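Colleague: The structure follows.
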Amino acid sequence: MKPWYITTAIDYANGDPHLGHALEKIGADVIARWHRLQGEPVRFLMGMDEHGQKVFQTAQAAGMSPQDWVDGISERFETTWRGLHCSYDDWMRTTEPRHAAGVQALLTRIRERCPDDLFVGEYEGLYCVGCEEFKQEGQLLNGRCGEHPSRELVPTKERNTFFRLSAYRDRVLALVEANSAFQVEPQIRRNEILSVLREGLQDISISRARLPWGIPFPDSDEQTVYVWFDALINYLSATGYPGDGWDAVWPADLHVVGKGITRFHCIIWPAMLIAADVPLPKQIWAHGYVQWGGAKVSKSEGESASLDESAARHGPDALRWFLMREVGFENDGDFTFERFDAVYESELANGLGNLASRVLAMVGKYRDGVVPAGGEGDLPGGVGAVALASYAAAMTATDLKGAARQITELVTEANGYITTAAPWALAKAGDDAQLDAVLANLTATLVRLAVMIYPFMPEKATALWVALGQADTPVTGWGQAKRPDVVGAQVVKPENLFPRLAP
Ligand SMILES: [Zn+2]
């Protein structure tokens with residue numbers, strides 16, 4: 001069975017991972033885990049973009065060989081992503097031989113199928129080393145790159161190989177307009193791409209002269225493959241292309257990228273694949289940026305909250321939660337420590353954590369830790385089942401913020417139910433049947449919540465799941481989330497899931 005294949009953008013190996021990178025990797029991980037919850041086999045690719053002038057220059061400035069430099073950076077990124085519970089199952093580095101083989105095979109195939117669409121020409125223009133891209137007049141802000149306003153653009157003149165991108169304009173435009181076989185989401189990004197396509201496309205340089213740090217261009221002594229052309233192909237080379245079995249994984253079901261690199265993924269990449277007669281990815285999702293004090297978080301544009309500091313503040317799962325719940329995965333969103341602390345305290349410590357500890361303590365106190373029979377397996381009015389359905393719909397639509405909101409609202413409902421049902425009063429009055437029903441309903445709701453939080457907070461979800469007397473991990477618990485059945489389960493009080501902040 002073909003796995004559901006999801007990728008993230010690969011990051012330039014020229015600095016440390018930051019919150020902007022983390023938003024993308026965590027969002028993709030939430031989506032991958034959601035698909036695993038549905039029982040689908042998933043292939044999840046992340047990696048590093050290790051070629052290009054910027055990486056070469058950064059390594060030189062650090063007094064290191066480029067290979068030693070990227071080895072260190074790759075390890076640093078992997079350690080960070082594993083620490084944030086990113087569950088990728090392939091890590092692609094573009095300096096790997098398997099990638100070079102895929103790049104050269106794709107280029108050779110394009111040359112064989114469409115010989116007129118690769119041609120040699122002169123290029124003269126302004127090059128942004130930050131973007132690794134030639135900039136056209138219309139893309140400049142005050143004479144500078146909008147993504148990298150602190151960098152000088154470099155006037156560059158080269159004799160390079162070009163890809164006749166203009167010849168693919170009509171086909172790509174038709175695909176993006178149809179938004180069916182090849183989808184660009186969310187709509188605001190699709191509209192941007194449509195307007196770029198309607199203005200018309202220029203042919204693009206796909207080789208760089210005299211830049212030794214790159215993949216040799218097929219049949220050329222002095223040219224290397226332009227870093228962007230090289231990088232895009234990682235999604236395909238990770239399938240083993242062109243070796244046996246690559247098409248058992250390809251096409252990708254979802255490329256998750258930032259909104260700043262949609263032109264590459266939504267225009268150049270499909271054109272390259274059309275030229276090579278390789279199937280297109282099914283969807284591109286372009287998320288917004290993490291803002292810090294109103295400015296985009298990025299290494300190249302100055303200081304921002306350190307990712308390590310943010311992860312250490314309340315633990316990795318809390319950071320995952322805050323990025324998805326508060327910053328979001330569609331538009332830009334603000335990150336401040338004040339807001340992070342407030343959300344942690346209200347939603348996690350006083351919300352979910354408090355709910356779990358109260359319910360499990362009461363089952364322990366009144367029923368010796370064994371979940372009693374009785375109740376409907378839901379809160380009054382079936383609000384848990386409704387929340388679960390809304391959550392599933394939001395996840396399917398990549399509305400991760402909306403899905404997280406369903407979790408918070410269900411926690412609030414459950415905490416309110418404890419207050420109205422007052423189990424301690426039922427115990428005092430000796431109303432055993434009603435007490436059983438209330439405890440059973442609350443425990444069932446916790447089971448449901450453990451599954452719902454799993455994509456967002458896998459470590460806490462697993463701790464809660466085990467405390468509820470369930471085996472292994474909630475990844476197999478979707479059936480339990482739909483119709484919780486925990487009667488007779490032996491529960492334990494977990495260690496404090498989300499300790500309150502010191503006053
Ligand atoms: Zn730039």
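Colleague: Tally time: how many residues in the stretch 209-229 are within 20 Å of A105 (Cβ to Cβ) and either part of a loop (DSSP other than H, G, I, E, B) or not hydroxyl-bearing (S, T, Y) (or both)? Don't jump to the end; show me each part of the working.
Modeller: Kept after step one, since they are within 20 Å of A105 (Cβ to Cβ), are these residues of the stretch 209-229: 214-221, 223-229.
Then keep just the ones that are either part of a loop (DSSP other than H, G, I, E, B) or not hydroxyl-bearing (S, T, Y) (or both); that gives 214-221, 223, 225-229.
Summing the residues that are within 20 Å of A105 (Cβ to Cβ) and either part of a loop (DSSP other than H, G, I, E, B) or not hydroxyl-bearing (S, T, Y) (or both) in the stretch 209-229 gives 14.
Colleague: Which is in a helix (DSSP H, G or I), in contact (Cβ under 8 Å) with a residue 40 or more places away in the chain and of a type outside the set (A, V, I, L, M, F, W, C), of T398, T412, T419? Walk me through it before giving the result.
Modeller: Numbers: T398 fails: in a helix (DSSP H, G or I); T419 fails: in contact (Cβ under 8 Å) with a residue 40 or more places away in the chain.
Only one candidate passes the filter, namely T412.
Colleague: Among T156, T95, T80, which is the only one that is polar (S, T, N, Q), on the phi < 0 side of the Ramachandran plot, over 29 Å from the mean Cα position of the chain (by Cα) and surrounded by 13 or more Cβ atoms within 10 Å (Cβ to Cβ)? Steps first, please.
Modeller: Working: T95 fails: over 29 Å from the mean Cα position of the chain (by Cα); T80 fails: over 29 Å from the mean Cα position of the chain (by Cα).
Selected residue: T156, the only one of T156, T95, T80 that is polar (S, T, N, Q), on the phi < 0 side of the Ramachandran plot, over 29 Å from the mean Cα position of the chain (by Cα) and surrounded by 13 or more Cβ atoms within 10 Å (Cβ to Cβ).
Colleague: Would a scan of the stretch 463-476 turn up a residue that is at positive phi and not polar (S, T, N, Q)?
Modeller: Of the residues in the stretch 463-476, the ones at positive phi are 469, 472.
Cutting the leftovers down to not polar (S, T, N, Q) gives us 469, 472.
Looking for residues that are at positive phi and not polar (S, T, N, Q), one finds at least one in the stretch 463-476, hence yes.
Colleague: Scan the stretch 443-473 residue by residue and report those that are small (G, A, S) and assigned to a loop (DSSP other than H, G, I, E, B). Please lay out each step first, then the result.
Modeller: The initial filter retains those residues of the stretch 443-473 that are small (G, A, S), namely 444, 450, 461, 463, 467, 469, 471.
Selection gives G469, A471.
Colleague: Could you run through the stretch 180-192 and say how many residues are buried (at least 21 other Cβ atoms within 10 Å of the Cβ) and either assigned to a helix (DSSP H, G or I) or not assigned by TED's automatic domain parsing to the domain that holds P251 (or both)?
Modeller: Number satisfying all stated conditions: 1.
Colleague: Another question about this same structure. From the residues in the stretch 235-275 that are in a loop (DSSP other than H, G, I, E, B) and of a type in the set (S, T, Y), which one is surrounded by the most Cβ atoms within 10 Å (Cβ to Cβ)? Let's see the steps before the verdict.
Modeller: Here is the first cut: in the stretch 235-275, the ones in a loop (DSSP other than H, G, I, E, B) are 238-245, 249-253.
Checking the rest, the ones that are also of a type in the set (S, T, Y) come to 239, 241.
On the way: T239: 22, Y241: 24.
Looking at residues that are in a loop (DSSP other than H, G, I, E, B) and of a type in the set (S, T, Y), I get Y241.
Colleague: Here is a further query. What number of residues in the stretch 120-177 are under 18 Å from C266 (Cα atoms), touching a helix residue (DSSP H, G or I) at 6+ places or on another chain (Cβ under 8 Å), within 16 Å of the ligand (Cβ to nearest atom) and part of a strand (DSSP E or B)?
Modeller: 1
The values are calculated or read from the model by the stated rules, or taken from the named source; none is laboratory data. Here the structure is a predicted model, which is why all the values come from computation and not from measurement. In this analysis, Cβ positions are derived from the backbone assuming ideal geometry, glycine residues included, and neighbour counts consider all displayed protein chains.
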